[in-house]
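Asks: Structure below; questions to follow.
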Amino acid sequence: MARRKTGARSEAPGKDEILAFVSATPGKVGKREIARHFNLDSAGKIALKQTLKDMAEDGTIGRRRSRIERPGKLAPVLVGDVTGRDADGELLARPSSWDEREQGPAPAIQLLPWRSQDAGPAPGVGDRVLIRMREGETTEAGLATGRVVKVLAKDKARILGLFRANPGGGGRIVAIEKRNSGREILVPAGLEGGAADGDLVAADIARSGRLGAVHAAVKEKLGTIASEKTISLIAIHAHNIPNVFPRTALAEAEAAKPADLAGREDWRSLPLVTIDPPDAKDHDDAVHAEADTAADNPGGHIVTVAIADVAAYVRPGSALDREALLRGNSVYFPDRVVPMLPERISNDLCSLKPAVDRPALAVRMAIGADGRKKRHSFHRIMMRSAARLAYVEAQSAIDGMPSDTTGPLLDPVLKPLWAAYAAVKKARDAREPLDLDLPERKILLKEDGTIDRVVTPARLDAHRLIEEFMILANVAAAETLIAQKVPLLFRIHDAPSPEKLLALKEFLATLDIKFAKVAGVAPADFNAILKRGAAGDSAAIINEVVLRSQAQAEYSPENIGHFGLNLRRYAHFTSPIRRYSDLIVHRALIRALALGNDGLTDEEIGRLDDIGQRISDAERRAMAAERETADRLIAHWLADRVGTIFEGRISGVTRAGLFVRLDETGADGFVPAATIGD
């Protein structure tokens, strides 16, 4: 017979005891931790297993309903579902275990803002969470308030799908998200939310009782699945991307007044120009170059990069700032942009429009004849853009085909830019950053929102010029802040892991390409591989596999350098309209160089780790949403082209068949082995 531990418990703790322990314990809590805390013996552990099973079934630990609350009253600690946001952008939740038949309508709970010291991931719409209520505290609207202790389950309470109506009322939702694809949930009559057959809807999952059938209630109609314009909405909702600005943020944006010259240098006579894609809606970077007349820089250049001064309008702790941090970055879809900042800021006050006074943060860099940066200085300025140019337009002028706009700018503005770029390119080539050749396809839509075609825009020197000047400015920002000992968010990119390098080595061996290194690798080593395969049929797949072998870039206050760019010090400075990381760097520069009273605060410095993690997560979220939308749009476009012959390349092989990527669209498909040879 097994001996009991001294003082050990044979009975399981109650649900309230377990919830209290979970709420007070940071990090992951499982059966082992609970058993150890309550000193349970073997019998107690068996009883605990049954109790936890009951709690999982009834929702107390984030899966299903429970009945731990007294009728009509919220428990001090409870499980809730995050259902949406109020007009100010604050998260709203409702109790998961509420029985409306016995207790009346479920009360709404306003969740207090997530703090940097809170453990675990930040909650979002659709999450199931553990909430500690703030007893006696209510909002102006009379809502109870609480703080999220822990996210219990991500995205479990809400489903996205196609509504199929029943003739007599009600219907079903066919899930379309990848993780739930094909799953069907019943919608009882009266819970259709006005949805019609074929509508794309967001619905909350519920049950009719502890052992009752799962059903859903439609909460939002997103449009019809027949429209391409709905496809980006699928990604927005599936990834919980905030796409409606709270009232307070919009009010701040509308109330903002154009910045004046106070505390700024007047650079309005300098002919800075913006060079962007033809369909760009915001223009936040401008460039200028001229020959350097300094005696210590013969054949050198002065390159100026001016960036919209977003920090002048988006102050730390403001509603605009909170929303920008929540979004992390702008998200770009073929039919729409989900911006980080309202249009009043991004498309108006901070857009460097031609012949309009705009505040900016500028860096002036002296570049040697060899392309290396010799020195730089930052300035808070007022500028006036001389022209808004598209990449092709600027390139055409350099190539001998100036337009009415670019003709007058060719000699005084464009040729000096290209001369400076020729020098910078020397240093870039000597540095040897990772040089992947991955065509970037662009989906072009017609006016009605349907796909017109998929194109691969040509890579021009105009693109490379802007990229290299922006990289120089980003390096200058990092160097200045390091020298001034002001914390910042670096853009870091680690070297590939040994595991990924080994996988790459094994793949290259199948192509008779030797790759000996699994440690101490440099970008030049990958470039050598890419050059060897550049002329062969395997060039595209080699580029793809080398990309997959790389680590993912992220934001961090701890600097490890940027492997891909082969740079030791690098930060994002050049796009504060669309990246929160850049806004942090702007504020840090303002603080470091005493350029105003709107610089980085001590409170922000104290939570840079958290900010870096949040915006890195937001970036990955945006990339996944953009990629899924492109895949869905192309699949939608190809759906009525069955039987058409396409050119493609084999991108993978399994026993079941071949994976093929089409050259024209980049679409991935699968050819079953049974059909090969027909």
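The values are calculated or read from the model by the stated rules, or taken from the named source; none is laboratory data. These numbers come from a predicted model, not from an experiment. Glycine also receives a Cβ, built like all others from the backbone with ideal geometry; neighbour counts cover every protein chain displayed. Side chains included, ligands, DNA and RNA excluded: accessible areas come from the protein's heavy atoms. Shrake-Rupley method; radii C 1.70, N 1.55, O 1.52, S 1.80 Å.
Asks: Percent of accessible area on the chain owned by carbon and sulfur, 1.4 Å probe? Let's see the in-between values first.
Replies: Numbers: 16900 of 32590 Å².
Summing carbon and sulfur atoms, their accessible area is 52 percent of the total for the chain.
Asks: For the stretch 277-404, what is the Kirkwood hydrodynamic radius in Å, using each pair of distinct C-alpha atoms? Let's see the in-between values first.
Replies: Values: mean 1/r = 0.0592 Å⁻¹.
Mean inverse Cα-Cα distance, inverted, gives 16.9 Å.
Asks: Okay, moving on. Distance between Cα centroids, the stretch 291-321 to the stretch 447-505: provide it in whole Å.
Replies: Result: 18 Å between the Cα centres.
Asks: Same structure, new question: Regarding the stretch 566-616, what whole-number volume in Å³ per residue does the convex hull of its Cα atoms give?
Replies: That works out to 105 Å³ per residue.
Asks: Please get the size of the charge dipole for the stretch 563-652, origin at its Cα centre, with Cβ charges of +1 on Lys and Arg and -1 on Asp and Glu, quoted in debye to the nearest 20. Walk me through the numbers on the way to the answer.
Replies: Working: 14 positive and 14 negative charges, 58 e Å.
Around 280 debye, computed over the stretch 563-652.
Asks: While we're looking at this one, here's another question. If you average 1/r across every pair of different Cα atoms in the stretch 514-594 and take the reciprocal, what Kirkwood value do you get, in Å? Working shown, then result.
Replies: Details: mean 1/r = 0.0647 Å⁻¹.
The Cα-based Kirkwood calculation yields 15.5 Å.
Asks: With the cut-off at 19 Å, tell me which of the pairs LYS426/LYS514; LYS415/LYS442; LYS229/LYS442; LYS505/LYS531; LYS15/LYS45; LYS353/LYS374 have Cα atoms farther apart than that. Mind dumping the intermediate values first?
Replies: Numbers: LYS426/LYS514 29 Å; LYS415/LYS442 29 Å; LYS229/LYS442 16 Å; LYS505/LYS531 16 Å; LYS15/LYS45 14 Å; LYS353/LYS374 31 Å.
In this structure, LYS426/LYS514; LYS415/LYS442; LYS353/LYS374 exceed 19 Å between Cα atoms.
Asks: Over what distance in Å are the Cα centres of the stretch 579-608 and the stretch 323-360 separated?
Replies: The two parts, judged by their Cα centres, are 19 Å apart.
Asks: So, for the chain, what is the accessible surface per residue at a probe of 1.4 Å, expressed in square angstrom? Write down the numbers at each step before the final one.
Replies: Working: 32590 Å² over 678 residues.
Per-residue accessible area for the chain comes out at 48 Å².
Asks: Calculate, axis by axis, the spread of Cα positions in the stretch 540-678 along the three principal axes, and write the results as whole Å, longest axis first.
Replies: Extents along the principal axes, in whole Å: 72, 30, 22.
Asks: Here's another thing I want to ask about it. Just want to confirm a number: the relative contact order over the chain, from Cα pairs under 8 angstrom separated by 6+ residues, in percent. Intermediate values should be presented prior to the final figure.
Replies: Values: 1299 pairs, mean separation 65.4, N = 678.
Relative contact order of the chain: 10 percent.
Asks: Charges only on Cβ, +1 for Lys and Arg, -1 for Asp and Glu: so what's the dipole of the chain about the Cα centre, in debye to the nearest 20? Display every interim value, and only then the final one.
Replies: Working: 96 positive and 94 negative charges, 561 e Å.
Rounded to the nearest 20 debye, it is 2700 debye.
Asks: Something else: How much net charge surrounds PRO339 when only the other residues with a Cβ under 13 Å from the Cβ of PRO339 are counted, with Lys and Arg +1 and Asp and Glu -1?
Replies: Values: positive: LYS281, ARG327, ARG336, ARG344, ARG578, ARG579; negative: ASP282, ASP284, GLU323, GLU343, ASP348.
Result for the neighbourhood of PRO339: +1.
Asks: Rounded if a/c is under 1.5, else prolate if a/b is larger than b/c, else oblate: which is the stretch 404-445, with a ≥ b ≥ c the root eigenvalues of its Cα gyration tensor?
Replies: Numbers: a/c = 6.60, a/b = 1.16, b/c = 5.71.
Oblate.
Asks: Follow-up question, since we're still on this one. Taking 8 Å as the Cα distance limit and 6 or more residues as the minimum spacing, I'd like the relative contact order of the stretch 421-492 as a percentage. Each step should come with its number before you reach the end.
Replies: On the way: 34 pairs, mean separation 16.0, N = 72.
Normalised by residue count, the contact order of the stretch 421-492 is 22 percent.
Asks: Which distance in Å, rounded to a whole number, links the C-alpha centroids of the stretch 229-269 and the stretch 402-430?
Replies: For the stretch 229-269 versus the stretch 402-430, the Cα centre distance is 32 Å.
Asks: Hey, another quick one. How much net charge surrounds ALA249 when only other residues with a Cβ under 11 Å from its Cβ are counted (Lys, Arg +1; Asp, Glu -1)? Let's see the in-between values first.
Replies: On the way: positive: ARG247, ARG322, ARG327, ARG344; negative: ASP88, GLU252, GLU254, ASP321, GLU323.
For residues surrounding ALA249, the net value is -1.
Asks: State whether the stretch 344-435 is rounded, prolate or oblate according to the following rule on the C-alpha gyration tensor (a ≥ b ≥ c being the square roots of its eigenvalues): a/c under 1.5 gives rounded; otherwise a/b larger than b/c gives prolate, and the remaining case gives oblate. Walk me through the numbers before you get to the answer.
Replies: Working: a/c = 1.97, a/b = 1.21, b/c = 1.63.
In terms of gyration-tensor shape, oblate.
Asks: Excluding ILE381 itself, calculate the net charge of residues whose Cβ lies under 11 Å from the Cβ of ILE381, where each Lys or Arg counts +1 and each Asp or Glu counts -1.
Replies: Values: positive: ARG264, ARG268, ARG358, ARG364, ARG380, ARG384; negative: GLU265, ASP266, ASP309, ASP357.
Net local charge, ILE381 excluded: +2.
Asks: What's the angle, to the nearest 10 degrees (0 to 90), between helix 523-533's Cα axis and the longest principal axis of the chain?
Replies: With both axes taken from Cα atoms, the answer is about 80 degrees.
Asks: Is the C-alpha gyration tensor of the stretch 416-573 telling us rounded, prolate or oblate? Criteria: a/c under 1.5 is rounded; beyond that, a/b larger than b/c is prolate, otherwise oblate.
Replies: Details: a/c = 1.61, a/b = 1.08, b/c = 1.48.
The shape class here is oblate.
Asks: If ligands, DNA and RNA are left out, what is the accessible area of LYS505 with a 1.4 Å probe, given in Å² to the nearest 10?
Replies: So the heavy atoms of LYS505 present about 80 Å² to solvent.
Asks: Which of the listed residues, LEU270, SER497, GLY564, is farthest toward the dipole's positive end in the chain, when Lys, Arg count +1 and Asp, Glu count -1 at the beta-carbon?
Replies: Checked the options; the winner is SER497.
Asks: Given the -39500 (n - 2.57) contribution per DSSP H run of 4+ residues, what per-residue ellipticity at 222 nm results for the chain, rounded to the nearest 500 deg cm²/dmol? Walk me through the numbers on the way to the answer.
Replies: Details: 16 runs with 195 residues, N = 678.
For the chain, the value works out to -9000 deg cm²/dmol.
Asks: Relative to the longest principal Cα axis of the chain, at what angle does helix 42-58 sit, 0 to 90 degrees, rounded to 10?
Replies: Here the helix axis deviates by roughly 70 degrees.
Asks: Projected area of the chain, taken from the Cα convex hull and averaged over every viewing direction, in nm²?
Replies: Working: hull surface 155.7 nm².
That works out to 38.9 nm², a quarter of the Cα hull's surface.
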